[in-house]
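The next block holds one structure in the form of structure tokens; read it before the comments.
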Amino acid sequence: MTALGLNHDESVSQQITSYADNDVYRPQPAPYVVDNPYRRPLDRARLAGIDWQRPLTEDRFTSDDSLLANRLLMNIYESDSMFLPIDGLRGKERDFAAFYDPGSRVLADRIRPTAERFALGFLEESVQVNGHWDEAGTLSHLEATIHEATTADFPVQTAIEQAADPRRAAEMLMVQMALDGLTEATAMSQNLGGAFGPEQSELFKIFIDEFGYGVFDAKHSSLFTDLCRSVGMRTTPHHYWFFYLPSSIAVNNYFYRVTHDRTGFFRYIGAMALLEATFAPWFARLTTALRGVFGDAVDTRYCDEHAHIDQHHGRMAVHELLMPLARKHGPVATRGLIRGVEEIRLLSSLADADLLAQLAWTPTTRPARSAADLEQAPGAPEIRDLGPATAFETRVADADTSVDVSSGSVQLHFSGTGDPLTVAAGSGVTVPKGRLYGLAADADAVVVVSTR
Amino acid sequence: MSRSIRVELNWPQENTVIVGDRHFFAYDRSGAVHVIASRCAHRGGPLHLGRIEDGKLRCPWHGNTFRVDRLCARGVAVVQRGSKVIAYLPVTDPDADESPAVVHSIVLAE
Ligand SMILES: [Fe+2]
Ligand SMILES: [Fe+2]
């Protein structure tokens, strides 16, 4: 690498730190972000520790670096879209100005390519689309892939039903779904402009369904809000900011990435078409699971609507949008379409695995590790002071991790809803590799965090 | 509209597809697997038994050479994730029984 290249890299890292320095991205002690769409805490110190020149690989996809980079990217993308507080802007004018600050937007544009390459660049390696794709091959692949997805098991829904705490598990899934659900079709809206023939109008038809034909109560994001409200969950965007898994944010970011960059258009259509074509049975199965968990109280119209409308969206997206684009725009476009199909298939399976592992984890307390045991730990144990003013943060354990409380009492958060686990002095808890967790304390406490 | 023939290869254990009298071989070009029809455009020679030198594949029958990048670009449609390779072979005769066989066989073009 040239000296020039190195300097450039350093400055990108510095620019990322300055971007995160924005008032609305400052840490906060509360584990939830209440009624403020602009507050999206970023941990500057951990961001500064990332080696941006070493992009994530598929096997590091569920990692702390992935969590941080994907949060950063989400803020970059979403500051391109309009958010206003549900109860009005009064009192949040400064946050509004800070979130959409032009200087911050310029920084966002500069750091975006680096963050995208870091967080999602592995897709180029992991997915290969080769050879000459004609119409027959394209349709065959779509049909086989859709068939496979719509006849597969639904492991997430099953895991919810079989979870130790099914309610907590269902709500954790809904927390992940909120990433898209509360802003549904925002990425899609990015390709409504321009001029690209009849396919533009086909995309618009899907879009107006997503937007409930202009009727607020029928808008998919409104239906999602009703679903959350019916089970007592909060409905403002990013209330559960700290509890998004890295893979969930990555899937959401993927759609912004391939729409923000217009050369990603064909990948976007491929990925969107596959999801639209496979959503119907997935959502039908989710209705069954949610009914089982919440009984009659849950408002499943969001799921029911998708179980119906996406049968049409799937057909429209494949036969009126994807195939006509493939015919008209040739092999390079077709390879992009197929690449999108494959990329979302890979991302979805990685995200499923991440969520399944989080749902399967029910932390329990055990006696704290002894000093002798700690001495055997591979890395130096980290001693952390916690108190009511400490910034709350969640992280992904990059190795099996031991959290041992030496004084006071701490809460271990491991899902977006439900009570955290209380760990008292003399006790500890093990966080398996890849799991998301956060620590909080109402009064002064000391914990020792070590790898196992 | 006719569909293509879908085959799944577990690369590199499986490197060859045989459909009727057609023969296809898999070729790894810096990590990207291509599935190429093994039939020389000259006299139908077995391209998979040719050697590759300087980016060119030489047909073992009459020595005609073909640029590998062009052969790859003309390869059949492939998606690949790790060792799992899915290929779509064109249908030549819609009435014929074209059930494909996926096997391991000698491939010298590598
Ligand atoms: Fe929708
Ligand atoms: Fe839809």
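The values are calculated or read from the model by the stated rules, or taken from the named source; none is laboratory data. For clarity, every value in this text was computed on a predicted model and none was experimentally measured. Virtual Cβ from ideal backbone geometry, glycine too; neighbours counted across all protein chains shown.
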Residue within the range A:185-196 that is over 24 Å from residue A:307 (Cα atoms), in a loop (DSSP other than H, G, I, E, B), within 16 Å of ligand 2 (Cβ to nearest atom) and among the aliphatic types (A, V, I, L, M) present: yes
In the set A:129, A:156, the lone residue that is within 21 Å of residue A:61 (Cβ to Cβ), crowded, with 17+ Cβ neighbours inside 10 Å, within 14 Å of another protein chain (Cβ to nearest Cβ) and β-branched (Val, Ile, Thr) is A:129
All conditions in (1) farther than 30 Å from residue B:90 by Cα; (2) surrounded by 20 or more Cβ atoms within 10 Å (Cβ to Cβ); (3) in contact with a Ser or Thr (Cβ under 8 Å, 6 or more places away or on another chain); (4) not aliphatic (A, V, I, L, M) are true of residue A:65 except (3)
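Given A:257, A:267, which one is within 14 Å of chain B (Cβ to nearest Cβ), away from ligand 1 (no atom under 16 Å from the Cβ) and either farther than 22 Å from residue A:308 by Cα or crowded, with 20+ Cβ neighbours inside 10 Å (or both)?
A:267
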* Is it true that residue A:305 is within 16 Å of ligand 1 (Cβ to nearest atom), outside the structural domain of residue A:392 (by the TED database) and part of a helix (DSSP H, G or I)? -> yes
Restricted to the range B:4-18 and to residues being part of a loop (DSSP other than H, G, I, E, B) and among the polar types (S, T, N, Q), the residue farthest from the other protein chains (Cβ to nearest Cβ) is B:13
Restricting attention to the range B:22-52, the residues that are more than 10 Å from chain A (Cβ to nearest Cβ), more than 25 Å from residue B:99 (Cα to Cα) and in a strand (DSSP E or B) number exactly 2
Those residues of the range A:289-302 which are touching an Asp or Glu at 6+ places or on another chain (Cβ under 8 Å) and in a helix (DSSP H, G or I) amount to A:289, A:292, A:293, A:301, A:302
When every residue in the range A:292-302 that is within 24 Å of the chain's Cα centre (by Cα) and of a type outside the set (A, V, I, L, M, F, W, C) is compared, the one nearest to ligand 1 (Cβ to nearest atom) is A:302
When every residue in the range A:312-338 that is within 25 Å of the chain's Cα centre (by Cα) and within 16 Å of ligand 2 (Cβ to nearest atom) is compared, the one farthest from the other protein chains (Cβ to nearest Cβ) is A:313
- Query: Does at least one position in the range A:76-85 carry a residue that is at positive phi and surrounded by fewer than 18 Cβ atoms within 10 Å (Cβ to Cβ)?
  - Reply: no
Within the range A:194-214, of all residues that are at pLDDT below 95 and among the small types (Gly, Ala, Ser), the one nearest to ligand 1 (Cβ to nearest atom) is A:212
The one condition residue A:180 fails out of (1) of a type in the set (D, E, K, R); (2) buried (at least 21 other Cβ atoms within 10 Å of the Cβ); (3) within 16 Å of ligand 2 (Cβ to nearest atom) is (2)
| query | Does residue A:161 satisfy the criteria of being over 18 Å from residue A:241 (Cα atoms), within 14 Å of chain B (Cβ to nearest Cβ) and surrounded by fewer than 19 Cβ atoms within 10 Å (Cβ to Cβ)? | reply | no
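Taking residue A:363, is it in a loop (DSSP other than H, G, I, E, B) and at pLDDT 95 or above?
Yes, satisfied.
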Per the list (1) under 22 Å from residue A:84 (Cβ atoms); (2) touching an Asp or Glu at 6+ places or on another chain (Cβ under 9 Å); (3) surrounded by 15 or more Cβ atoms within 10 Å (Cβ to Cβ), residue check on residue A:28 breaks on (2)
Q: Would you be able to say whether some residue in the range B:90-106 is of a type in the set (Ser, Thr, Tyr) and either touching a Pro at 6+ places or on another chain (Cβ under 6 Å) or closer than 22 Å to residue A:135 by Cα (or both)?
A: yes
All conditions in (1) more than 14 Å from chain B (Cβ to nearest Cβ); (2) in a helix (DSSP H, G or I); (3) charged (D, E, K, R); (4) under 24 Å from the mean Cα position of the chain (by Cα) are true of residue A:205 except (4)
Residue A:366: passes all of (1) surrounded by 18 or more Cβ atoms within 10 Å (Cβ to Cβ); (2) more than 16 Å from ligand 2 (Cβ to nearest atom) but (1)
(request) Would you be able to say whether some residue in the range B:31-39 is free of Cβ contacts under 8 Å to residues at least 24 places away in the same chain and within 13 Å of the chain's Cα centre (by Cα)? (result) yes
Among the residues that make up the range A:72-92, is at least one of them in contact with an Asp or Glu (Cβ under 9 Å, 6 or more places away or on another chain) and aromatic (Phe, Trp, Tyr)? no
Expected single match for modelled with pLDDT of 95 or more, within 13 Å of ligand 1 (Cβ to nearest atom) and either in contact with a strand residue (DSSP E or B) (Cβ under 7 Å, 6 or more places away or on another chain) or in the same structural domain as residue A:304 (by the TED database) (or both) among A:189, A:230, A:247 is A:189
Within the range A:366-397, residues being outside any loop (DSSP other than H, G, I, E, B) and farther than 21 Å from residue A:416 by Cα number 11
